[in-house]
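Working notes for the structure below.
The values are calculated or read from the model by the stated rules, or taken from the named source; none is laboratory data. What you are looking at is a predicted structure, and each value in this text was computed from that prediction instead of being measured. Here the Cβ positions follow ideal geometry from the backbone for every residue, glycine too, while neighbour counts run over all protein chains shown.
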Amino acid sequence: MSAESLQAALEAIGIRAEVRQQERVALLRTPPDERALERPEVRRQAALLALEHGFMAIALEVGE
Amino acid sequence: MSTDAPAASPATAEEKERRLVDWLRERGSVAIGYSGGVDSAYLACVAVDALGADGTLALIGRSASYPAAQWEAAREVATRFGVPVLEVETDELSDPNYAANPTNRCYFCKSELWTKLLPVARARGIAALVDGTNADDLADWRPGARAASEQGILSPLALLGFTKADIRERSRARGLPTWDQPSSPCLASRLPYGTPVTIARLHHVERAEAALRALGIAGDLRVRHHGDLARVELASDELGKWLAPAAARQLARAVRDAGFARVAIDLRGFRSGALNVLGGVVAEGSATAA
């Protein structure tokens with residue numbers, strides 16, 4: 001389970017995000033103009049990649 | 001070689017309901033472990049039809065593990081359908097086995113529940129204490145079922161093969177407002193196994209979920225507790241809308257105001273039993289409870 005490798009895999013499918021790990025959850029922080037995750041097919045791909053990287057959940061952390 | 005005998009067709013939900021009425025009449029009187037959820041509300045309403053109000057008692061086991069709003073809704077349904085209700089305080093939080101939040105936490109909760117409800121039913125001469133477990137539940141990770149079995153609690157819906165879909169169908173036919181209600185497991189199910197169950201944590205979750213409902217979020221909803229982080233699971237038809245930046249900030253503000261420092265929106269949305277997967281209790285793809 002590696003946040004860095006998941007971050008690279010997400011970047012390869014066009015998702016710009018910083019990935020951090022909390023327990024077995026991958027937490028994503030995205031730039032303000034990143035809208036890719038609003039699309040269901042992108043979320044499905046991201047979730048699949050998270051599972052492949054050993055995470056049991058993937059979530060978008062929402063800042064202030 | 002095949003036989004000429006036609007295969008027996010499976011019973012319809014309506015046929016199952018007729019069998020349920022017969023089953024209840026054979027008992028004469030029942031007390032129901034009642035949460036006001038889809039299953040127990042349906043069972044209580046059929047019981048009143050079959051046995052009358054004199055032969056039916058819905059028993060609510062009240063504790064901090066369930067949101068206050070749920071009890072209000074449960075009482076409203078009972079009042080509307082003429083189901084007599086009695087509330088009994090339960091105190092599973094004072095049991096260290098429960099509070100430690102092991103993977104079989106539900107066993108200790110249900111042991112406490114039935115230990116408190118059984119004497120109430122017996123004192124009133126009620127023939128059977130029943131619960132709303134259905135046939136689909138039998139495939140789930142449900143250690144609470146063992147506690148029910150140990151104390152002789154009967155599960156007529158499971159016994160007669162009612163699926164959740166059957167119960168929703170018949171609830172709708174009877175005009176029960178619970179027919180399309182999302183499942184509502186206890187608040188402790190939002191805490192990962194091993195995270196001690198405390199009143200403060202349960203209240204954080206309860207307040208956060210109430211705040212999200214107040215924003216208009218419908219359908220399945222869970223605020224999963226990960227220390228200072230709330231991981232919000234939404235129904236798939238709500239998820240896209242709340243991932244848009246302005247909406248996400250509004251959601252996060254509501255959850256922070258409820259007591260969490262950080263907020264994240266789960267990208268897969270609501271998954272029943274998600275913490276069973278995270279806790280390694282069941283494999284990915286087989287989660288079903290909570």
Filtering segment A:10-50 for residues that are within 7 Å of chain B (Cβ to nearest Cβ), surrounded by fewer than 16 Cβ atoms within 10 Å (Cβ to Cβ) and outside any loop (DSSP other than H, G, I, E, B) leaves a count of 1
Got a sec? Which of B:LEU212, B:LEU202, B:LEU229 is hydrophobic (A, V, I, L, M, F, W, C), over 19 Å from the mean Cα position of the chain (by Cα), under 27 Å from B:PRO96 (Cα atoms) and not assigned by TED's automatic domain parsing to the domain that holds B:ASN134? B:LEU229
Of the residues B:ARG249, B:ARG213, which single one is surrounded by fewer than 16 Cβ atoms within 10 Å (Cβ to Cβ) and touching a Gly at 6+ places or on another chain (Cβ under 9 Å)? B:ARG249
Are any residues in segment B:98-139 at positive phi and either touching a Phe, Trp or Tyr at 6+ places or on another chain (Cβ under 8 Å) or among the β-branched types (Val, Ile, Thr) (or both), and if so, which ones? B:ASN101
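Quick grid of which residues meet (1) part of a strand (DSSP E or B); (2) within 10 Å of chain A (Cβ to nearest Cβ); (3) in contact with a strand residue (DSSP E or B) (Cβ under 7 Å, 6 or more places away or on another chain); (4) modelled with pLDDT of 95 or more:
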position: B:VAL223; (1), (2), (3), (4): yes, no, yes, yes
position: B:ARG231; (1), (2), (3), (4): yes, yes, yes, yes
position: B:GLN250; (1), (2), (3), (4): no, yes, no, yes
position: B:ALA254; (1), (2), (3), (4): no, no, no, yes
position: B:VAL263; (1), (2), (3), (4): yes, yes, yes, yes
position: B:VAL277; (1), (2), (3), (4): no, yes, no, no
position: B:THR288; (1), (2), (3), (4): no, no, no, no
Check every one of the helices (runs of 4 or more DSSP H) wholly within segment B:83-200 and list those with 1 or more residues that are under 30 Å from B:LEU229 (Cβ atoms). B:96-99, B:105-123, B:144-150
Could you list, in sequence order, all residues of segment B:63-80 that are surrounded by fewer than 19 Cβ atoms within 10 Å (Cβ to Cβ) and either touching a Pro at 6+ places or on another chain (Cβ under 7 Å) or aromatic (Phe, Trp, Tyr) (or both)? B:TRP71
Under 7 Å between Cβ atoms, at least 6 apart or on separate chains: pull out the pairs that start in segment B:105-128 with a residue that is not assigned by TED's automatic domain parsing to the domain that holds B:GLU87 and end on any residue that is modelled with pLDDT of 95 or more. none
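Name the residues in segment B:204-252 that are of a type in the set (Val, Ile, Thr) and farther than 14 Å from B:SER184 by Cβ, would you?
Residues satisfying the conditions are B:ILE217, B:VAL232.
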